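These notes are about the structure you will find just below.
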Amino acid sequence: MSLHLPIYLDYNATTPMDRRVLEAMMLYLTDEFGNAASNNHEYGYRAKAAVEKARQQVAALIGAEPKEIIFTSGATESDNLAIKGVAEARGERGEHLITCGTEHSAVLDTCKHLQKHGREVTYLQPDQFGRVVARQVAEALTDRTVLVTLMLANNEVGTLNPICEIAAAVKDRGALLHSDATQAVGKMPVNVNELGVDLLSISAHKLYGPKGVGAMYVRRGVRVLAQMHGGGHERNMRSGTLNVPGIVGLGAACEIAGREMAEEAKRVSALRDRLERGILARLDEVTLNGHPTERLANTSNLSFAYVEGEGLMMRMKDVAVSSGSACTSASLKPSHVLSAMGVPDELNHASLRFSLGRFSTEEEVDYTIEQVVRAARELRELSPLYEMARGGIDLNKVHWTEH
Ligand SMILES: *Cc1c(COP(=O)(O)O)cnc(C)c1O
């Protein structure tokens, strides 16, 4: 079998759509074009029925009631809606929020926006692995805290937060808990009741569904003020004509994930470990960012000392990975996640994220190991600092090759 180049190892940025998802959507992109809000003819009824089936499929994957699922345009919108919607619904009491510097920018920027409008936000300090523990949350909670928002799985390093224990602390003080579970849903079992969350964000394109569609779980009885006003769709929480094909795709993606996730996680984690071991066995001074075990099965974030992550990517054009997060890689800013974890700037800039998925193969992993090892060795040969560290200190060479 020949390799399809470049090899795609950036599943945390987006996943290719599963063909079965496309098949499920096709009818709603063609003959079944009805508006799910048209409640006076067959076209509308059938579109609505398709949406309600998808609502059940999404709910089933996370152990929720269908009524607790609100369709959105993706996790960015779900995060915005959950955070602003709760802060506004709580009004007077909505004065204080708690989050962490390792969150996705959809959460951090929303919190910053609320801060600008007079709310107080506490940013918890994660440990070196990017985790926050329940005790920290308990200590930060006040009578004015309305919402704690902490992700289930981090998109850059894969680290899992102990959401279940955190939820207990949050409930104790009468606040609500939102979790951005975009990277977790479809990769590991997620059950909103076992976790104890009140709100949770999902995105279809991170689990082999289409882009531009997502969902927010809202526990029954939790009040969220709409951020998009209009026709009163989605129980008044999110107006706008429903993206029926997208929603059908999200539903199909959730159903497939529910069936195949356990097997897939085993296969993917074996591949991820093979990749990690293959690189670590052949290169020295490579460090793992993120928790060694409490981590998504598909994610490996590595720092290659003495090497720029960007330069490394450029020397391995046949492998599509990510340096920093996809959102910041246009600029050469260090990853805010690694910074929050206390990773020094040199190692931050030296980091690459490998994220595997459904269509990753052993052959691709082996090819990637070769490419990474070759590229890192080439760059290190050009690095006077690496030579110095190896003991071959030649000050002349340092001077002349520094630029
Ligand atoms: C991808 C991602 C988002 C944004 O999701 P969109 O559907 O692309 O808006 C939010 N949070 C996390 C953790 C993500 O990985």
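Nothing in this text is a laboratory measurement; each read-out follows from the coordinates by a stated rule. This structure is a prediction, so every number in the text was calculated from the model and none was measured. FYI the Cβ positions are ideal-geometry reconstructions off the backbone, even for glycines, and counts take in every protein chain you see.
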Selected from ASN39, ASN193, ASN236, residue furthest toward positive end of dipole (the chain; charges at beta carbon): ASN39
Rg/Rh ratio calculated on Cα atoms of segment 28-91 (Kirkwood radius): 1.08
Could you work out how far the C-alpha centroid of segment 57-82 sits from that of segment 145-170, in angstrom? 17
When a/c is below 1.5 the answer is rounded, else prolate if a/b is larger than b/c, else oblate, so apply that to the chain with a ≥ b ≥ c taken from the square roots of the Cα gyration tensor eigenvalues. oblate
Residue with peak Gaussian network fluctuation, the chain [Cα springs, cutoff 10 Å], from THR159, THR361, THR99: THR361
Students often forget the sequence filter, so: which aspartates and glutamates lie under 20 Å Cα-Cα from LYS333 once same-chain residues fewer than 8 apart are removed? ASP10, GLU103, ASP109, GLU156, GLU308, GLU310, ASP345, GLU346
Would you kindly state how much longer the chain becomes between ASN236 and THR293 on full extension, computed as 0.36 nm times their sequence separation minus their alpha carbon distance, in nm to one decimal? 16.4 nm
For segment 19-257, the fraction of alpha-carbon pairs in successive 5 Å shells from zero, as %: 1, 7, 15, 19, 19, 15, 10, 7, 4, 2, 0, 0
Computed on Cα atoms, the radius of gyration and Dmax of segment 60-149 in angstrom are 13.9, 39
Say the cut-off is 18 Å between C-alpha atoms; which of LYS116/LYS171; LYS84/LYS112; LYS53/LYS187 go over it? LYS116/LYS171; LYS53/LYS187
With Cα atoms, 0 to 90° folded angle of helix 362-381 axis to the chain main axis: 50
Helix 105-116 sits at what angle to the longest principal axis of the chain, using alpha carbons and giving 0 to 90 degrees rounded to 10? 70
Straight-line reach only, C-alpha to C-alpha below 19 angstrom: list the lysines that LYS48 could link to, leaving out same-chain residues fewer than 8 apart. LYS67
Using R₀ = 45 Å, calculate the FRET efficiency as 1/(1 + (r/R₀)^6) where r is the Cβ-Cβ separation of MET388 and GLU263; round to 0.05. 0.40
I need the phi-derived Karplus couplings for segment 55-61: 6.51 cos²θ - 1.76 cosθ + 1.60, θ = phi - 60°, integer Hz, Gly and Pro marked x. 4, 5, 5, 5, 4, 4, 5
How much length, in nm to one decimal, is gained on full extension between SER105 and SER2, taken as 0.36 nm per residue of separation minus their Cα-Cα distance? 33.3 nm
What is the gain in length, in nm to one decimal, between ARG277 and HIS117 on full extension, counting 0.36 nm per residue of separation less the C-alpha to C-alpha distance? 52.8 nm
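Tell me, what is the percent relative contact order of the chain, built from C-alpha pairs under 8 Å that lie six or more residues apart?
Working: 815 pairs, mean separation 86.4, N = 403.
Once normalised by length, the contact order is 21 percent.
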Which of GLN128, ALA87, GLY246, positive extreme of dipole for the chain (C-beta unit charges): ALA87
If R₀ is 60 angstrom, what is the calculated FRET efficiency for the pair ASN40 and GLN128, using the beta carbon separation as r and rounding to 0.05? 0.50
Could you work out how far helix 75-89 tilts from the main Cα principal axis of the chain, as a 0 to 90 degree angle to the nearest 10? 60
I'm checking a number: the convex hull volume of the Cα atoms of segment 261-394, normalised per residue, in Å³. What is it? 116
5 Å is the cut-off here: which amide hydrogens, built 1.01 Å from N in the peptide plane, fall below it relative to VAL319, excluding neighbours closer than 5 in sequence? ILE7
